[in-house]
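Below you'll find the structure, written out as structure tokens, and then a few comments.
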């Protein structure tokens, strides 16, 4: 059974890895663990030990606090403030390449433009 925390930590590891332009294979090599294990961790399908977590933190060259800077502990539906929702969106975009961010921005502009048009 996969916990929400395991999924969030896995997603955060993936985000940090991608921000550093590191492949799963490269991260696995630096952390001295198997690449399929990294894949399972990133999908939240592995309950990893503290020792493995420390290896990943060192391989990513991040502060442990940075690894646990997780947006999204509560579901989007439970968020009530504009700031929380904006932070969640920002978290989803972190680790994406520039083309993906530009695409999301274009889509958001189109959706909001249509929404504004329909309000008038």
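Observations
- In this structure, residue 86 and residue 120 have a Cβ-Cβ separation that, at R0 = 25 Å, corresponds to a calculated FRET efficiency of about 0.50.
- Label corresponding to Rg/Rh (Cα atoms, Kirkwood Rh) when calculated from the structure given, among [x] 0.98; [y] 1.06; [z] 0.94: [y]
- The angle separating the long axis of helix 98-119 from the principal Cα axis of greatest extent in the chain is about 30 degrees.
- Max mean-square fluctuation residue, GNM over the chain, Cα-Cα springs under 10 Å, options 98, 41, 13: 98
- Computed from the Cβ-Cβ distance with R0 of 41 Å, the FRET efficiency linking residue 108 to residue 51 stands at 0.50.
- Neighbour-count order for 115, 11, fewest beta carbons within 10 angstrom listed first: 115, 11
- Within a Gaussian network of the chain (alpha carbon springs, distance under 10 Å), most fluctuating of 105, 16, 67: 105
- Against the chain, whose longest principal axis comes from its Cα atoms, helix 82-93 is set at around 50 degrees.
- Prolate/oblate/rounded call for the stretch 1-65, Cα gyration tensor, a/c under 1.5 rounded: rounded
Where a number appears in this text, it was derived from the coordinates with a stated rule and is not lab data. Everything numeric here is computed off the predicted structure, so don't read it as measured data. Because the Cβ atoms are built from the backbone with ideal geometry, glycine has one as well, and the counts that use them run over all protein chains shown.
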